[in-house]
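Rule-based calculations on the coordinates, nothing more; no lab input. Since we're looking at a predicted model, the values are computed, not measured. No Cβ is skipped: glycine too gets one built from the backbone with ideal geometry, and neighbour counts run over all protein chains shown.
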Amino acid sequence: LMLSLEGNASRSLESCQGSMTFAAVRERLQARFGTQNRQDGYKEELQQRRQKSNEGLQELCHEIERLSSLAYPDIAPEQRDILFNLPAFLNAITDTDLAVDVRKQKPRTLMEALDEAVRIEGWMKAKRERDGARSKNVRSVQQGNEDEGDEVRERPRYNNRKQWPTKNSEPRQSQ
């Protein structure tokens, strides 16, 4: 076993003198490369994990699964999914509107939450693109008398009733 090791694994056993038993080699490698002593750090990292600006939902989901398997290796994957992965994923989503909408769907597993998040994110993106493509102002043409010619004026577009002008007020601009 010791002769087949390479890199850091081989270097970590160089300081051993004489022959070692298989159990001793395994114990030493486990202490050096195992996750047993690092579980608390992985638990904290899982708890503090937030979606990065250029990170997609699927990548975030994969990273949550990886961290939880390192933090809780003795818990069955199905239980880990419900107890740790799902809450961590919902807390890690940086778009608060998206996170709230996913929570409203009451997903029971991480995969259900991911599916809902991807679906809702697609709708939100399509809506933003559609709204961005619309003009904020509508042109109107008023016909004048023969001497004045036609007049073109910009009129504000109102997205909802709250923006409509009242009798004694100026029109409110959409935001």
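Structure data summary
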| item | result |
| --- | --- |
| In order through the stretch 105-120: 3J(HN,Hα) via Karplus (6.51 cos²θ - 1.76 cosθ + 1.60), integer Hz, x for Gly, Pro | 6, 6, x, 9, 9, 4, 5, 5, 5, 5, 4, 5, 4, 5, 4, 5 |
| Backbone HN-Hα couplings from phi across the stretch 49-58 [Karplus 6.51/-1.76/1.60, Hz, Gly and Pro as x] | 4, 10, 5, 7, 4, 9, 9, x, 5, 5 |
| FRET efficiency, D74 to D115 (Cβ-Cβ, R0 25 Å, nearest 0.05) | 0.35 |
| Chain lengthening between R130 and D95 when straightened (0.36 nm per residue, less Cα-Cα) | 10.7 nm |
| Value in Å of the Kirkwood radius, where the stretch 65-124 supplies the Cα pairs that are averaged | 11.8 Å |
